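Please treat every number below as a calculation from the coordinates, not as lab data. Every value quoted in this text rests on a predicted model; they were computed, and no experiment measured them. FYI the Cβ positions are ideal-geometry reconstructions off the backbone, even for glycines, and counts take in every protein chain you see.
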């Protein structure tokens, strides 16, 4: 398993992506999940590639946080135009992933939004139909689109591993997988280990945060059990840190990698 962190950890610091990539190398991480406020098609790919080569770091995933947070787009929207623009945005992320030699596009709110703007069944069906189109495009681009289920305080459509696996069944594309975030899992799933085992080969990506949303090892989650379950399903992807970086990102990420490495 490889270790990475989300560039969300450095939002508010003013650091450009190239400098954050340098931080990954300094702190000993293998990769970064790229999140950005710009449209994917407007990013300076050459600058990012240069930083990746200089620091020997890889892109773990293309994150779509700002697709919803900044641009107000999501795949389950009741408005057709929003859904179409969301699919276009995701497709641009796939094209970006190809240019950066990355095989994962990650989606939390990008597919389900942060609240229901239509009846549940309508929203669910919108999500399924949009994800089918995204799944088809992911096949064409040779990437996996991973959907993150979130706790009920943050999202209202897909909140548990069972919910996520149900929607994957209805989507029916092997290019659409589930992502596990230990913070959300701890709030909604009876057992993190059992949820991981249940997902098995449909688990495509992992975010790590403790139950208090601080660095792994600073709360109550049994990360030894999480690692044990990931090994049982032969998970070989990234373990990506995404938590509240207190007192600052460098210190928090340093503590996190030391703790998780001790379990690997």
At 7 Å along the Cα-to-beta-carbon direction for both residue 26 and residue 251, put a label point, then send me their distance in nm to one decimal. 1.5
Between the range 1-48 and the range 84-111, what is the C-alpha centre distance in whole Å? 16
All-pairs Cα distance distribution in the chain, expressed in whole percent, bin size 5 Å: 1, 6, 14, 19, 20, 18, 13, 7, 2, 0
When the chain is treated as a GNM, springs tying every alpha-carbon pair under 10 Å, which of 224, 58, 83 comes out with the largest mean-square fluctuation? 224
Relative to the compact-globule estimate 2.2 N^0.38 Å (N residues), the Cα gyration radius of the range 137-264 stands at a ratio of 1.05
Only Cα pairs under 8 Å and at least 6 apart count here; give the relative contact order of the chain as a rounded whole percent. 18
For the range 47-203, the fraction of alpha-carbon pairs in successive 5 Å shells from zero, as %: 2, 10, 19, 22, 20, 14, 8, 4, 1, 0
Hey, in the GNM for the chain with a 10 angstrom Cα cutoff, which one of 146, 69, 105 fluctuates hardest? 69
Need the full-extension length gain, residue 38 to residue 125, defined as separation in residues times 0.36 nm minus the C-alpha distance. One decimal, nm. 28.4 nm
In whole angstrom, largest first, the equivalent ellipsoid semi-axes that the Cα gyration tensor gives for the range 79-120 are 25, 12, 5
Provide, for q = 0.10, 0.13, 0.20, 0.27 Å⁻¹, the log10 of I(q)/I(0) from a solvent-free Debye sum over equal Cα point scatterers in the range 1-86. -0.29, -0.46, -0.90, -1.35
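Calculate for the chain the 222 nm mean residue ellipticity that helices alone would give, adding -39,500 (n - 2.57) per DSSP H run of length 4 or more and normalising by residue count, nearest 500 deg cm²/dmol.
The per-residue figure over the chain is -14500 deg cm²/dmol.
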